[in-house]
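Notes to accompany the following structure.
The values are calculated or read from the model by the stated rules, or taken from the named source; none is laboratory data. Owing to the predicted nature of the structure, the values given are computational and were not obtained by experimental measurement. Ideal geometry is used to build each Cβ from the backbone, glycine not excepted, and the neighbour counts take in all protein chains shown.
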Amino acid sequence: MELHQVRYLLAVCETLNFTRAAEQCHVSQPALSRAIQQLEAELGGELFRRERRLTHITDLGRAVLPALRQCYESSLSARALARSYLKEGHPPLHLGLARSIEMELLSPLLTEISTAFPGIEVRVFRGPPVDIGEKLKSGDIELAIAGPLGDEWERFEARKLFEEQFGALLSRRHPLSRLNAIQLPLLLTERLLCLPHCEMTGRLTAQLQSLGERKITKHEAPMVDDLLGLVRANFGVGILPMARRIPDDLCIREVEGVDLRRWIHVFTVAGRPRSIGVATLVKLLRAKDWSAITRTEDRATERPQ
Amino acid sequence: MTTQSLAQALEAATQRCRQMDAPLTKRLNALANEVRHLDQSFAEVVDRMVNRLQQIEAGKSAPSVGDPMPLFVLPDETGRLVGLAQLLERGPVVMSFHRGHWCPYCRISAHALAGIEPEVRAAGAEIVLITPEVQKFTSEFKSDARASFLVLTDLDSGYALELQLAIKIEDEKRLAMTRAGWDISAFQDNENWTLPIPATFVVGSDGSVKARFVDPDYRKRMDVDDILGALRT
């Protein structure tokens, strides 16, 4: 495929009119038609039925379009990055992060961003999924890293990054900390401490209630640091991602009998112009090898006991 | 009888061909013969695809000798962004597009490139590989080749398209590849089934192409002796 062929194809898809597409691309109509024919020869079939006012895209055209569009957009962003690399004057990055996401996970990527775009500002919003979703819609944030947003808006583009498993955060003085994994019923008598609107704690309490306990005590702490402090002070059992790095006097144990895993995605909004900073960060997030984070057991053994 | 996928059946052959004491072209040919022997119908699908790409002269418009090489900034296998302009400040760059860590021809080629790294370095130059794969697989590719060169991720084949080197795998080949054990979607983090035409460029410190090898027949690669020759002139 050649870059201009794909560009012409996208223009015809948009206009469904070869003459208008040619105008839009600033080429003659025969040149545009020839390019589309070459693409058709490569892809092995017609991409459009040419019927003057009723020109329409074929099944083959429809099938290949998403791939070609993504490849084309990637090409534009690759070129834009090469042109603006190490230059100043980039708009700030507005990011939304789920509260459970450790900034340290992102710091290698943000280091690349701050080197590539000197002086770029990063503004981070942390909040519950629903707020992240609303801010994405309104354009207050351009990219979010979070679990499910609980909103099926068709313009959200979500790409899987890694699976996050939550566990029970305990002080090492807590008797349960001596267990490798905690059976769910053992948590019945514990007070739960979690981040606000924590979906996983919701799942956990629902499961505990199904065991017959009507009253589950749950306290929300606005920040992870608060959670650590409260657990240390023996106010209860925290609910946090198992891969999280925590001080040595605390530990995170797997909870058995309930599924506390969720996929973390990178979210953007389809069809919006994206700054080159955002486009680059999305590519870095997608290209990154997240397997070390997903394998929580490995991380747990790395931690000094 | 347990049925082995073509990918599994080719593993031993790939190792054997890599170690052959013969020019790269011969090693690649030996593998192509193995494929034909193991799975005639797969080989025929490949022939049909290659014929079609040759007919439309795919890759013909890629940068030619004397052209400026369009700049790239791509992440390496550790996630660090690498710019062609910055590499060229240190000397000539051998840029080689590979299909991925799963492709036996690419594995043979990457292994051969790793073999000439000392000579390339001695000539003041550097090799970089470019694949559409994410870091988990670029790092596997690198260690499998026992290479110290960078393996860069060209996500969604955007840079390949800029160089007129991206192709879309049509359904017949996609099904044949999936059956053979090569489902590339997970490697590329997309469902696009796009691949680069394997190509190698020797880019001089001035940023222009000194030598190029582009062949829509992915079983053929630039001979490593030709790369060294281009660096010496």
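Matching residues to (1) closer than 21 Å to B:Leu71 by Cα; (2) crowded, with 22+ Cβ neighbours inside 10 Å; (3) within 14 Å of another protein chain (Cβ to nearest Cβ):
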residue	(1), (2), (3)
B:Ile127	yes, yes, no
B:Asp144	no, no, no
B:Asp154	yes, yes, yes
B:Asp171	no, no, yes
B:Arg179	no, no, no
B:Asp215	no, no, no
B:Asp223	no, no, no
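Take the stretch B:61-92 and flag every residue that is farther than 13 Å from B:Glu162 by Cβ and among the aliphatic types (A, V, I, L, M). B:Val65, B:Leu81, B:Val82, B:Ala85, B:Leu87, B:Leu88, listed by residue number. Looking across the stretch B:39-55, the residues that are away from chain A (no Cβ under 14 Å) and either under 20 Å from the mean Cα position of the chain (by Cα) or surrounded by fewer than 19 Cβ atoms within 10 Å (Cβ to Cβ) (or both) come down to B:Gln40, B:Ser41, B:Phe42, B:Ala43, B:Glu44, B:Val46, B:Asp47. The criterion of being surrounded by 14 or more Cβ atoms within 10 Å (Cβ to Cβ) and assigned to a loop (DSSP other than H, G, I, E, B) holds for A:Ile141. A search for C-beta distances below 9 Å between a residue of the stretch B:164-186 that is closer than 15 Å to A:Leu68 by Cβ and of a type in the set (Lys, Arg) and any residue that is at pLDDT 95 or above and in a helix (DSSP H, G or I), counting only pairs 6+ apart in sequence or on different chains, returns B:Lys168/A:Val64; B:Lys168/A:Ala67; B:Lys168/A:Leu68; B:Lys168/A:Cys71. Number of residues in the stretch B:209-233 that are assigned to a loop (DSSP other than H, G, I, E, B) and either at pLDDT 95 or above or in contact with a Pro (Cβ under 8 Å, 6 or more places away or on another chain) (or both): the value is 9.
Considering A:Leu228, A:Leu240, the condition of being within 22 Å of A:Glu102 (Cβ to Cβ) and part of a strand (DSSP E or B) is satisfied by A:Leu240 alone.
Restricting the stretch A:275-292 to residues that are part of a helix (DSSP H, G or I) and of a type in the set (D, E, K, R), the residue that is surrounded by the fewest Cβ atoms within 10 Å (Cβ to Cβ) is A:Arg286.
Among the residues of the stretch B:195-204, is there at least one that is out of contact with any strand residue (DSSP E or B) (no Cβ under 8 Å at 6 or more places or on another chain), within 14 Å of another protein chain (Cβ to nearest Cβ) and over 16 Å from B:Leu74 (Cβ atoms)? So far as the stretch B:195-204 goes, no, none of its residues is out of contact with any strand residue (DSSP E or B) (no Cβ under 8 Å at 6 or more places or on another chain), within 14 Å of another protein chain (Cβ to nearest Cβ) and over 16 Å from B:Leu74 (Cβ atoms). Scanning the stretch A:111-127 for residues that are surrounded by fewer than 19 Cβ atoms within 10 Å (Cβ to Cβ) and in a helix (DSSP H, G or I) yields A:Thr111, A:Glu112, A:Ser114, A:Thr115.
I need the full set of residues from the stretch A:1-48 which are outside any helix (DSSP H, G or I), in contact (Cβ under 8 Å) with a residue 40 or more places away in the chain and within 10 Å of chain B (Cβ to nearest Cβ), in order please.
Matches in the stretch A:1-48: A:Met1 only.
Are any residues in the stretch B:156-169 more than 7 Å from chain A (Cβ to nearest Cβ) and either surrounded by fewer than 21 Cβ atoms within 10 Å (Cβ to Cβ) or β-branched (Val, Ile, Thr) (or both), and if so, which ones? If the condition is that a residue be more than 7 Å from chain A (Cβ to nearest Cβ) and either surrounded by fewer than 21 Cβ atoms within 10 Å (Cβ to Cβ) or β-branched (Val, Ile, Thr) (or both), then B:Ile169 is the only one that fits.
Taken as a whole, the condition of being within 27 Å of A:Phe267 (Cα to Cα) and of a type in the set (A, V, I, L, M, F, W, C) applies to A:Phe162.
Selection of the stretch B:58-73 for residues being surrounded by 22 or more Cβ atoms within 10 Å (Cβ to Cβ) and not in a loop (DSSP other than H, G, I, E, B) yields only B:Val73. The numbered conditions (1) assigned to a loop (DSSP other than H, G, I, E, B); (2) of a type outside the set (Asp, Glu); (3) over 14 Å from the mean Cα position of the chain (by Cα); (4) more than 20 Å from A:Ser275 (Cβ to Cβ) are all true for A:Val130 except (1). Is it fair to say A:Gly271 is surrounded by fewer than 18 Cβ atoms within 10 Å (Cβ to Cβ), out of contact with any His (no Cβ under 8 Å at 6 or more places or on another chain) and at positive phi? Criteria met by A:Gly271. Across the stretch B:181-194, the qualifying residues are those that are within 14 Å of chain A (Cβ to nearest Cβ), part of a loop (DSSP other than H, G, I, E, B) and within 17 Å of the chain's Cα centre (by Cα), and the one among them that is surrounded by the fewest Cβ atoms within 10 Å (Cβ to Cβ) is B:Trp193. Inspect the stretch A:80-102 for any residue being in contact with a strand residue (DSSP E or B) (Cβ under 8 Å, 6 or more places away or on another chain), modelled with pLDDT under 95, under 30 Å from A:Thr201 (Cβ atoms) and in a helix (DSSP H, G or I) and give the result as yes or no. No. Scan the stretch B:90-103 and give yes if some residue there is within 14 Å of another protein chain (Cβ to nearest Cβ) and polar (S, T, N, Q), otherwise no. No, every residue in the stretch B:90-103 fails to be within 14 Å of another protein chain (Cβ to nearest Cβ) and polar (S, T, N, Q). Taking A:Arg69, is it surrounded by 14 or more Cβ atoms within 10 Å (Cβ to Cβ), in contact (Cβ under 8 Å) with a residue 12 or more places away in the chain, assigned to a helix (DSSP H, G or I) and basic (Lys, Arg)? So A:Arg69 passes the test. Of all the listed residues (A:Val124, A:Val64), the sole one being farther than 18 Å from A:Arg286 by Cα, in contact with a Leu (Cβ under 7 Å, 6 or more places away or on another chain) and at the interface with another protein chain (Cβ under 10 Å from one of its Cβ atoms) is A:Val64. Among the numbered conditions (1) within 7 Å of chain B (Cβ to nearest Cβ); (2) within 18 Å of A:Glu2 (Cβ to Cβ), tell me where A:Leu81 comes up short. Status for A:Leu81: all satisfied but (2).
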